[in-house]
Amino acid sequence: MKSKGTTLTAAALMLFGTSLSAQDVIRIASPNKVTTLDPIASAAAGNIEAFGQLYARLLRKDRDGQLQPGLAESWDVSEDGLTYTFELRDAKFSDGSEITAEDVAFSLNRVAKDEGSAYPAAYAPVKEFTAVDEDTVQLTLEYPSAPMLSYMEIFNAGIVSKDDLEERGEEAFASDPVTSGPFMVESWKPNDRLTLSANPNYWREGYPRLDGADLIEVSDDNARSTMIMAGEIDVNRGVPWAQIEEINGSGKAKVVLEPSTVVYGVMPNHDKPPFDNLNIRKAAAMALNREAITKAVTLGNATVANSTLPNALKFHDESVSPPAYDPEGARALLEEEDAVGTEVTLMITPSAEQIATLLKAQWDAVGFKTTVERVDAGLWWSKLTDGDYQVTSSWWYNETEDPDLAARWAVCGACGNRSYYTNYNNERVNELTEAALRERDEQKRGEMYAEIQKISTEELAQIPLYYSPFANGYATNVKGLTLTPSLQWTLEEAELADE
Amino acid sequence: MKTLRFIAMRLLQALPVLLGVSIITFTLMAATPGDPVRLLVGDRATPETIAAIRDRYGLDEPILVQYFTYLKNLVQGDLGASLRYRVPVSQLISQHYPVTLFLVLYTIFLTLPPVIALAVWSARRPNGIADQAIRLLGVLGLAVPVFWLALLFARFFGVTLGWFPVSGYGEGFGEHILHLFLPALSTMIWVVPILVRTLRSALLDEMNRDYVLTGLSKGLGERQVFRTHVFPNSVLPTLNLFAVIVAYLLGGSVIVETVYAVPGMGKLMVDSILARDYFVVQGATLVFALTTILVMLAVDLVSAVIDPRVKP
């Protein structure tokens, strides 16, 4: 009788899913896709989140965001700030082969110089990485770069195996790489899930603590919420504001608001009327009750933004602010410019529907005539980069807390992407962006970034709306897992507690 | 022999259809604005990188050249590679197709018994209480949006009761059955009413035919007349509608696959369209078209078996 019961239980276990047997594997559902495992090939969020688990970098960040030794045990920067020397520790790739200076130089030169490198902006000052000997790597720069060390920690600075990549070719590597990070690839089903297992050769002893992780792609917000409440996943990346309460109330999981460098804003096209006119931009900004918008959209979970740069960045200036809410003043400005009744087209993707409704209502109230144009992400990007829009709403984030990349991305008109394709271009801001990169005196850098924020906020390069934290749901037994502002899961330190 | 020739002819006829489908899909995708490369490399890539990648994938070639390259590869049995994942399209399809096929077959399996039972029940006493109740339920089933119902099912059966998984596909047959139960159930609720209505009216039509009267007057029992004559004759129109629905289910799996996070063809299709992953959309459309052709063919063959007057 007993054996029959056992058989039945076993059969039931087999039938009723894996959730009972795989407790040391954490399951993370995210709307962001993993599309490639080659760390230089993409700067899309889903890939960034995966790269951090697969590839170790020269430096790493601790929980407080401080730089710590990673693959590099120690480092030394020359007086003039042009030469960096890294001493590597003894470490191995997932296949057991040594990680050599040769691999490091190869990987980092590839990020900096390869034409397929999706995000080389941080490495623009790099002259070259060279392997001095087996354990020493030298980085030489064309000109000094204050945040260079912190760039040795970002997602695409992961170290790949030169032999693996050259022997099997880029394509094979991009779907099943030899890895240097805490995890390695168990299997990858594109458009579905990436299954990771612990890398037994990872250099940090005792880490990772988990046996593995499943990065599951689930685009539907409701589906992810249902899954975490049903106990089918352990982490829900990106909980919509409206679902936080429900998830918290389920008793199965808790939503944690984690600091991010995400900033939401309105992006006017500075090359096209009417937003090429500062007074019109001012009127558009004054028409907006940004506190109310923030509260309505994020249910009070975000902070109203005061600057064109995210508040989680170093040198953030609290004292700058865009024009305050003043609908009458906005109307007066429009009248002054003889622009009452100006037609504007607000281009949005489906995710900005709510913001668009509020923008339209408030703009129309002061005398704009707003049309909302809905496009999908593919069309949005092509219209944006072609400059074929009047105004749009979007968000962005920064991978490091140094503001260099953020300034380059969002407000520098001469840095390659024309201020996030808004065509905002101010000579002084451009000069300051370059000067601040080269400046090694922290105080002076702080002043420069304050000035950048002051000018770009006054000129409304973008109309900042709010700084949004990450809202991620964690099952109650998940310990030690966070998503850092640079979009990295701290998976190597995470554990699943017994319940 | 005749049947074999019929099948061969139909498959031959499928070739121009498939060619037409591929031309239309290719043209539509090419005419859809949006850049696959930008979506591929993320938002921070420089224009130089994007140009380099466009060149690498041949996306800067004229559209006709791209199409003929595609066609040439297709003839050699190569569906091309996904722009986004850089893996063969055939790999993506073989990963996602079985899931949707399983879901469709499962839905059919769940659909047939209630369709037959309810249609027969309501045809027995037209406008009786049972008929009215079934009609009302049918209208409800048709009127309720599938995604909403699916959401409710997931929350109730998955979260509150914990009876069924609310996502994924699982490993092995047993898990597939369990994981896809709610998706199949959600789809079924929409399909059943349509088929019940069709089968019911076909049954009523047949029941009023002269041969029924003849049979009854010869002393055959009502049940026997129904089983051997009325029912088989009524199935044909439903079967044809059923074929259309199966084809529709294949393509329309998008909604339930989204709500239940099922990694099937619907998800692949939508994601690929959004990412402008041209070759995946092409490949998936061709597979859908081919499946539809095969289902139609199968229905014609089954019809011939049921009713010898329908010649293959």
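The values are calculated or read from the model by the stated rules, or taken from the named source; none is laboratory data. This one's a predicted model, so the numbers in the text were calculated from it and none came from an experiment. Here Cβ is always computed from backbone atoms with ideal geometry, including for glycine, and neighbour counts include all displayed protein chains. Only protein heavy atoms, including side chains, enter the accessible area calculation; ligands, DNA and RNA are left aside. Shrake-Rupley method; radii C 1.70, N 1.55, O 1.52, S 1.80 Å.
Test B:ILE53 against the stated conditions and say whether it is at the interface with chain A (Cβ under 7 Å from one of its Cβ atoms), farther than 18 Å from B:ALA284 by Cα and either out of contact with any strand residue (DSSP E or B) (no Cβ under 7 Å at 6 or more places or on another chain) or surrounded by 17 or more Cβ atoms within 10 Å (Cβ to Cβ) (or both).
Yes.
Could you tell me whether any residue of region B:167-174 is closer than 29 Å to A:LYS189 by Cβ, more than 14 Å from chain A (Cβ to nearest Cβ) and either of a type in the set (D, E, K, R) or touching a residue at least 24 places away in the same chain (Cβ under 8 Å) (or both)?
Checking region B:167-174: not a single residue is closer than 29 Å to A:LYS189 by Cβ, more than 14 Å from chain A (Cβ to nearest Cβ) and either of a type in the set (D, E, K, R) or touching a residue at least 24 places away in the same chain (Cβ under 8 Å) (or both).
For region B:136-147, indicate whether the set of residues that are modelled with pLDDT of 90 or more, closer than 30 Å to B:LEU290 by Cβ and open to solvent by less than 40 Å² (accessible area, probe 1.4 Å) is non-empty.
Checked against the condition, which is being modelled with pLDDT of 90 or more, closer than 30 Å to B:LEU290 by Cβ and open to solvent by less than 40 Å² (accessible area, probe 1.4 Å), region B:136-147 yields no hits at all.
Would you confirm, using the coordinates I've provided, whether B:GLY221 is open to solvent by 10 Å² or more (accessible area, probe 1.4 Å) and of a type in the set (Gly, Ala, Ser)?
So B:GLY221 passes the test.
So, of the residues in region A:178-216 that are assigned to a loop (DSSP other than H, G, I, E, B) and within 13 Å of chain B (Cβ to nearest Cβ), which turns out to be farthest from B:GLY168 (Cα to Cα)?
Residue satisfying both the conditions and the ranking: A:PRO190.
Out of the residues in region A:104-114 meeting the condition of being more than 14 Å from chain B (Cβ to nearest Cβ) and small (Gly, Ala, Ser), tell me which one is farthest from the chain's Cα centre (by Cα).
Result: A:ALA105.
Looking at (1) open to solvent by less than 10 Å² (accessible area, probe 1.4 Å); (2) within 23 Å of A:THR298 (Cβ to Cβ); (3) of a type in the set (A, V, I, L, M), which is the only condition A:LEU334 fails?
(2)
Would it be correct to say that A:GLU492 is at pLDDT below 95 and part of a helix (DSSP H, G or I)?
yes
Checking the conditions here, which among B:THR228, B:THR214 is more than 14 Å from chain A (Cβ to nearest Cβ), modelled with pLDDT under 85 and farther than 23 Å from B:ILE134 by Cβ?
It is B:THR228.
Given the criteria more than 14 Å from chain B (Cβ to nearest Cβ), assigned to a loop (DSSP other than H, G, I, E, B) and crowded, with 20+ Cβ neighbours inside 10 Å, does A:VAL160 qualify?
The answer is yes for A:VAL160.
Could you count how many residues in region A:66-83 are in a loop (DSSP other than H, G, I, E, B) and more than 20 Å from A:TYR55 (Cβ to Cβ)?
Total satisfying the criteria: 6.
Residues that are farther than 24 Å from A:GLU399 by Cα and touching a strand residue (DSSP E or B) at 6+ places or on another chain (Cβ under 8 Å): does region A:254-265 have at least one?
yes
Working only within region A:103-151, note down all residues that are touching a strand residue (DSSP E or B) at 6+ places or on another chain (Cβ under 9 Å), surrounded by fewer than 19 Cβ atoms within 10 Å (Cβ to Cβ) and under 21 Å from A:ALA174 (Cβ atoms).
A:ASN109, A:LYS113
Yes/no matrix, rows are residues, columns are (1) assigned to a helix (DSSP H, G or I); (2) open to solvent by 40 Å² or more (accessible area, probe 1.4 Å); (3) within 14 Å of another protein chain (Cβ to nearest Cβ):
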position: B:THR107; (1), (2), (3): yes, no, no
position: B:ALA123; (1), (2), (3): yes, no, no
position: B:PRO126; (1), (2), (3): no, yes, no
position: B:LEU151; (1), (2), (3): yes, yes, yes
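Inside region B:250-263, can you point out the residues that are in a helix (DSSP H, G or I), surrounded by 24 or more Cβ atoms within 10 Å (Cβ to Cβ) and more than 10 Å from chain A (Cβ to nearest Cβ)?
Within region B:250-263, just B:VAL256 meets the criteria.
Working carefully through the options B:LEU71, B:LEU103, B:LEU79, find the one that is farther than 30 Å from B:ARG197 by Cβ, of a type outside the set (D, E, K, R), in a helix (DSSP H, G or I) and touching a residue at least 12 places away in the same chain (Cβ under 8 Å).
Among B:LEU71, B:LEU103, B:LEU79, only B:LEU71 is farther than 30 Å from B:ARG197 by Cβ, of a type outside the set (D, E, K, R), in a helix (DSSP H, G or I) and touching a residue at least 12 places away in the same chain (Cβ under 8 Å).
Which helices (runs of 4 or more DSSP H) does region A:237-299 wholly contain that include 1 or more residues that are in contact (Cβ under 8 Å) with a residue 24 or more places away in the chain and open to solvent by 30 Å² or more (accessible area, probe 1.4 Å)?
Of the helices (runs of 4 or more DSSP H) lying wholly inside region A:237-299, those with at least 1 residues that are in contact (Cβ under 8 Å) with a residue 24 or more places away in the chain and open to solvent by 30 Å² or more (accessible area, probe 1.4 Å) span A:278-286, A:290-298.
If B:GLU61 satisfies all but one of (1) within 27 Å of the chain's Cα centre (by Cα); (2) not in a helix (DSSP H, G or I), what's the number of the condition it fails?
(1)
If you scan region B:22-39, which residues turn out to be more than 7 Å from chain A (Cβ to nearest Cβ), assigned to a helix (DSSP H, G or I) and either in contact (Cβ under 8 Å) with a residue 12 or more places away in the chain or among the hydroxyl-bearing types (Ser, Thr, Tyr) (or both)?
B:SER22, B:ILE23, B:THR25, B:PHE26, B:THR27, B:MET29, B:ALA30, B:PRO36, B:VAL37
Confirm whether B:ARG155 is in a helix (DSSP H, G or I), basic (Lys, Arg) and within 10 Å of chain A (Cβ to nearest Cβ).
So B:ARG155 passes the test.
Got a sec? Which of A:SER145, A:SER117, A:SER94 is more than 14 Å from chain B (Cβ to nearest Cβ), small (Gly, Ala, Ser) and over 24 Å from A:LYS444 (Cβ atoms)?
A:SER94
Please pick out the residue among B:GLY266, B:GLY283 that is within 14 Å of chain A (Cβ to nearest Cβ) and within 11 Å of the chain's Cα centre (by Cα).
B:GLY266
Could you tell me how many of the residues in region A:302-330 are within 19 Å of the chain's Cα centre (by Cα) and under 24 Å from A:GLN354 (Cα atoms)?
Qualifying residue count for the region: 8.
Among (1) within 23 Å of A:ALA406 (Cα to Cα); (2) more than 14 Å from every other protein chain (Cβ to nearest Cβ); (3) of a type in the set (Val, Ile, Thr), which single condition is A:VAL132 missing?
(1) is the only condition that A:VAL132 fails.
Only residues that are modelled with pLDDT of 95 or more and of a type outside the set (A, V, I, L, M): list them for region A:152-162, please.
A:GLY158, A:SER161, A:LYS162
Can you tell me which residue within region B:75-88, out of those that are more than 11 Å from every other protein chain (Cβ to nearest Cβ) and either under 20 Å from B:ILE53 (Cβ atoms) or out of contact with any Gly (no Cβ under 8 Å at 6 or more places or on another chain) (or both), is surrounded by the most Cβ atoms within 10 Å (Cβ to Cβ)?
Ranking the candidates gives B:GLY80 first.
Out of curiosity, is A:LEU278 at pLDDT 95 or above and either within 14 Å of chain B (Cβ to nearest Cβ) or in contact with a helix residue (DSSP H, G or I) (Cβ under 6 Å, 6 or more places away or on another chain) (or both)?
no
Residues to consider are A:TYR467, A:TYR474; find the one that is closer than 26 Å to A:LEU149 by Cβ, in contact (Cβ under 8 Å) with a residue 60 or more places away in the chain and not hydrophobic (A, V, I, L, M, F, W, C).
From the options A:TYR467, A:TYR474, the qualifying one is A:TYR467.
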